[in-house]
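Just below is one structure, and these are the notes that go with it.
The values are calculated or read from the model by the stated rules, or taken from the named source; none is laboratory data. Bear in mind the structure is a predicted one, so any value in this text is a computation, not a measurement. Methodologically, a virtual Cβ is constructed for each residue, glycine included, from the backbone with ideal geometry; neighbour enumeration extends over all protein chains shown.
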Amino acid sequence: MRLNVKQTINTLINTLIKRTFFTGLICSGLTLGPVCLTAQAEDIIPLDSIVAIVNNDVITQLELRDEFREVVQKLKQKKAKLPPANVLGKQVLDRMILERIQLDLASRTGIKVDDTTLSRAINGIAAQNGLSMSEFRENLAQQGINFRRFRDEVKSQIILKRLLQRNVVNKVTISDQEIENFLFNINKQGGLEQAYHIKHILVAIPEGASPATIKKASAKADGLVKKLRSGSDFSATALAASDGQNALEGGDLGWRKAGEIPTLFSEIIAKMKVGDISQPIRSPSGYHIITLIEEKGGKTHLITQTHARHILIKTTIINDNERVILRLNQIRKRIINGEDFATMAKAHSEDTSSATRGGDLGWFKPGTMVPEFEQAMDKLQAGDISEVVQTNFGYHIIEVLGRRTHDDADELIQERARQVLKSRKVAEQTEAFYRRIRDEAFIEIRLDNS
């Protein structure tokens, strides 16, 4: 079994900066400044040197070479068209610099990961792949992945997630008015379930840029649009020219629901046809170019709702499990023999929120109740009364009053609107956060990109 290690990490801890571990030397004949990437690189590499200073940290030639090698291997597996080595090297170095800036900020602001949390995360990765820790370590070794480096990578990604949580996610708030406006506008774009597959190029502009810098960026963006509309491959162009976080993925943003698309793009995307290339779109970050790869429409969301009622009795020191079960069975027998369920619930149920309504829980959708309750309830036909059911709340008897098929798309949209809006805001503010911390950092690049 060969693990997709990085994908597993991403799934487990929702990584913020995507990199993939691969092994093996690249016999591509490429060179990156003084970094030799031929098959003999391990033998002839000179003494390590510094290619970039980032605040109080450095990125070395060997680190850049290793990262470059991994990125090239990933791109070759995707059969992506590789840009010149110096161009790709700049993209790789830019991403490494941003990560070092974030890790430095996390360190200075006291964000740490203790050994227990780190071990739990790594154990979770092993378990997710059905492996013991010894098997997992052996699997990594077979792929040429050093366990210490793997452990450090997991630690870094947890730190990056916590940094973003503290500086962006926790600061995002959504008002009721925003939700109302969002739902009104999203319906004009095909609804919340309308989805788009998008690719993106960013020509970045630093904060406080001079008019000359802005003009140069604008001209570059216009030139890229012209090339793309003349037939240039979007992914290859993004890989070579984009300053966006997805540049090394060919600018691919993947599938995004209409509500998840940044506000800046949403109205433009809704008017585009598959294959269209947008005009440059100005934002504080720079000029954006997007293309629509595919789209798919929203659908109804049919669910089976259940109308049920119950009687709950909890155990106490005096009323142990055996007594409670006996009491509920007596109540159940009385109901089956003709006594009114609602009357019995008002007299005996310890669920104070439903007892006054005769135990009525109303109509609810799957996933609302705890699993043990729903599993017992799902076996009942309308009018049936369950055997005694145990949950973490106590012991129940349940009666199903009815079932219906319901399209809850509107309710689902209402429930999701706040989360979608928050996700959109987080994405937009994350970009601003990255731009700000990079502009505030000390960066000295010593790599010869000629």
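Of all the criteria given as (1) surrounded by 16 or more Cβ atoms within 10 Å (Cβ to Cβ); (2) not in a helix (DSSP H, G or I), the one not satisfied by GLY231 is (1).
Checking each residue in the stretch 106-116 for being under 14 Å from GLN165 (Cα atoms) and over 22 Å from the mean Cα position of the chain (by Cα) picks out THR109, GLY110. Part of a helix (DSSP H, G or I) and free of Cβ contacts under 8 Å to residues at least 12 places away in the same chain - does that describe any residue in the stretch 412-426? Yes, because at least one residue in the stretch 412-426 is part of a helix (DSSP H, G or I) and free of Cβ contacts under 8 Å to residues at least 12 places away in the same chain. Checking each residue in the stretch 309-358 for being in contact with a helix residue (DSSP H, G or I) (Cβ under 6 Å, 6 or more places away or on another chain) and outside any helix (DSSP H, G or I) picks out ILE311, ILE313, THR315, SER349, GLY358.
Just to be sure, is ILE313 farther than 19 Å from LEU401 by Cβ and surrounded by 16 or more Cβ atoms within 10 Å (Cβ to Cβ)? Yes. Restricting attention to the stretch 92-112 and to residues that are of a type in the set (D, E, K, R) and touching a residue at least 12 places away in the same chain (Cβ under 8 Å), the residue that is farthest from ILE443 (Cα to Cα) turns out to be LYS112.
When the test is whether a residue is more than 25 Å from GLN165 (Cβ to Cβ) and either touching a residue at least 40 places away in the same chain (Cβ under 8 Å) or assigned by TED's automatic domain parsing to the domain that holds GLU153 (or both), LEU75 passes it. Taking the criterion of being free of Cβ contacts under 8 Å to residues at least 60 places away in the same chain and either within 26 Å of GLU267 (Cα to Cα) or polar (S, T, N, Q) (or both), the residues of the stretch 149-184 that qualify are SER156, GLN165, ASN170, THR173, SER175, ASP176, GLN177, GLU180, ASN181, PHE184. Within the stretch 251-305, being at pLDDT 90 or above and acidic (Asp, Glu) holds for ASP252, ASP276.
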